[in-house]
Amino acid sequence: MSLIVQKYGGTSVGSVERIQAVAERVAREHAAGHQLVVVVSAMSGETDRLLGLAKAIQNPPSPRELDSVLSTGEQVTIGLLAMALEARGVPARSYTGAQVRILTDSAFNKARIEAIDAAPIASDLAAGKVVVVAGFQGVDKDGNITTLGRGGSDTTGVALAAALKADECQIYTDVDGVYTTDPRIVPEARRLDRITYEEMLEMASLGAKVLQIRSVEFASKYQVTLRVLSSFKDGAGTLITTEENIMEAALISGVTLNRDEAKLTVLGVPDRPGIASAILGPVADANIEVDMIVQNVAADGSADFTFTVHRNDFDRAFAILETSAATLKARQVTGDRKIVKVSLVGVGMRSHAGIASRAFRVLADEGINIKMISTSEIKISVVVDDKYGELAVRALHAEFGLAGEA
Ligand code: ADP
Ligand code: ASP
Ligand code: MG
């Protein structure tokens, strides 16, 4: 008998029929003698609909009140799934994040889980019940409802698996595993049997939204056995695991596309110590995260300073730079929202030279201009015009032989 946490995403609970199908799967596992905790997302499109309602009333919405609205999506699906289980004779109980005390900090809309009280869930499980928990939500120490950021149900699933010391956390979604790239962009993409936590974390951070970043961080930290599977068809899915469990690391595991960033440039600042901190200090003070940074110095001694931020933060970052431009003695501030970031990820890069030059040549052959570059031990990222994003993904995917059978 094992203890399994299963998480079902929005499409997997998107209709009454889909909820019945999930209940069937859960009932099967329960009949096989497993203890089950099931985490569900809101029905697909529901969180966006709720966000739209909130924005129609107040824009930007008050963070605390927004969480009270957004968390209702998951409250519907837990109740419906518990009913579907009961209707099949499977004892089940549904709980909201606050009811099971998924304790978070008070950062509304992007709260982090701090603690989970596993005891009440464990006693339900011991009594033979299936425990159905609302994903994406928690409660802070003052009793306020919080949410964990988009895609946060993945993190609820993994955090529960860690707290309950589950044997496995299974993420059921609309694809049958983690692919070499988003199969919606490259239909020939290949499913990976296994991928390391480290690579999955890079892929999630660089735009592969199949798993929320925080869920992979949790899984890696608490060594949760994590598997991505399809709720529509049977299969082994993709196992996310440690490097030791992977016989031979692939050179490149995947290619990602991130459409969520925008680029800002401060032109013609004096090239002197402290300039980077003078530009980025006020941006950081406004709680805006900066991703890639590039500085070029011209022959006349002036510098151009470019960086990327989340598109949602673009307007605020631009306003901050315009305010500081005079003190910085900058010539001009410019911005570009129409960019995307394309990345290659693979632990095999550590031991192989020449991957970057091969990637740059492929992009050149396609006539794609690279605007920014950043690298780490296991990834190479480039910023290009958004209209070339998918072309760049396809070209890199083909160049590194990622298509076809495993
Ligand atoms: P859910 O609602 O189940 O949480 P998501 O939409 O959040 O599902 O995540 C699944 C989607 O992630 C897939 O439909 C796919 O388009 C996208 N995706 C992006 N990159 C990848 C990848 N490398 N492998 C698999 N799916 C990916
Ligand atoms: N329903 C939330 C969202 O759409 C959380 C999730 O699906 O993981 O972002
Ligand atoms: Mg998701």
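Model label sites at Gln223 and Ala326, defined 7 Å from Cα along the beta-carbon direction, differ in position by 5.9 nm. Just subtract the alpha-carbon distance of Asp285 and Ala353 from 0.36 nm times their residue separation and send over the number in nm, one decimal. Separation in residues times 0.36 nm, less the Cα-Cα distance, equals 20.6 nm. Modelled spin-label separation between Lys141 and Gln58, with each label point placed 7 Å from Cα along the Cα-to-Cβ direction: 2.5 nm. Per-residue 3J(HN,Hα) values for the range 136-148, derived from phi via the Karplus relation 6.51 cos²θ - 1.76 cosθ + 1.60 with θ = phi - 60°, read 6, 9, x, 9, 8, 5, 8, x, 6, 6, 10, 10, 9 Hz in sequence order (x marks Gly and Pro). Remark: the range 41-54, residue by residue, has Karplus-estimated 3J(HN,Hα) of 8, 6, 4, 4, x, 5, 5, 5, 4, 5, 4, x, 4, 4 Hz, where x stands for each Gly or Pro and the curve is 6.51 cos²θ - 1.76 cosθ + 1.60 at θ = phi - 60°. For the options Gly177, Gly207, Gly268, a Gaussian network treatment of the chain with springs between C-alpha atoms closer than 10 Å singles out Gly268 as fluctuating the most. Ranking Arg394, Arg88 from most to least accessible surface, computed with a 1.4 Å probe over the protein chains only, gives Arg394, Arg88. What a 1.4 Å probe finds exposed on the range 289-406 is 48% carbon and sulfur by accessible area, rounded to a whole percent.
What the range 1-140 shows is 43 Å² of accessible area per residue, with the surface traced by a 1.4 Å probe over protein heavy atoms. A simple rule links phi to the HN-Hα coupling: the Karplus curve 6.51 cos²θ - 1.76 cosθ + 1.60 with θ = phi - 60°, which for the range 336-351 gives 9, 8, 8, 10, 9, 10, 10, 9, 10, 10, x, 5, x, 5, 4, 9 Hz, with x for Gly and Pro. Secondary structure note: in the chain, about 60% of the DSSP beta bridges are antiparallel.
Once C-alpha pairs closer than 8 Å and six or more residues apart are averaged by separation and normalised to the residue number of the chain, the relative contact order reads 14 percent. Run the helix sum for the chain: -39,500 (n - 2.57) per DSSP H stretch of 4+ residues, divided by residue count, reported at 222 nm to the nearest 500 deg cm²/dmol. That comes out to -10500 deg cm²/dmol. Taking every C-alpha pair closer than 8 Å and separated by at least 6 residues, the mean separation divided by the residue count of the range 301-393 gives a relative contact order of 29 percent. The slack between Ile370 and Ile293, meaning 0.36 nm per residue of separation minus the straight C-alpha distance, is 26.3 nm. In the elastic network of the chain, a GNM with C-alpha springs shorter than 10 Å, the most mobile of Leu81, Leu264, Leu160 is Leu264. The peptide list 342-353, 2-13, put in order of mean Cβ contacts within 10 Å with the highest first, becomes 2-13, 342-353.
Which value, in Å² rounded to 10, gives the accessible area of Arg361 with a 1.4 Å probe and all protein chains present? That residue has around 120 Å² of solvent-accessible surface.
Report the accessible area of Lys338, computed with a 1.4 Å probe over the heavy atoms of all protein chains in place, in Å² rounded to the nearest 10. We get 130 Å² for Lys338. Look at the alpha carbon pairs under 8 Å that are at least 6 residues apart: their mean separation over the length of the range 62-172 gives a relative contact order of 29 percent.
Between Ala166 and any residue 5 or more places off or on another chain, the built amide H atoms are never under 5 Å apart.
Only lysines eight or more places from Lys379 in sequence, or on another chain, were considered; those with a Cα closer than 23 Å are Lys209, Lys221, Lys263, Lys338, Lys341, Lys371, Lys387.
For Phe360 and Asp385, a Förster radius of 25 Å and the Cβ-Cβ distance give a FRET efficiency of 0.95, rounded to the nearest 0.05. Annotation: lysines with alpha-carbon distance below 19 angstrom to Lys141 (same-chain offsets under eight excluded): Lys110. The length gained on full extension between Met1 and Arg112, counted as 0.36 nm times the residue separation minus their Cα-Cα distance, comes to 36.8 nm.
The values are calculated or read from the model by the stated rules, or taken from the named source; none is laboratory data. Only a predicted model underlies this, so the values are computations on that prediction, with no experimental measurement involved. Here Cβ is always computed from backbone atoms with ideal geometry, including for glycine, and neighbour counts include all displayed protein chains. Protein only, heavy atoms only, side chains kept; ligands, DNA and RNA dropped before computing areas. Shrake-Rupley method; radii C 1.70, N 1.55, O 1.52, S 1.80 Å.
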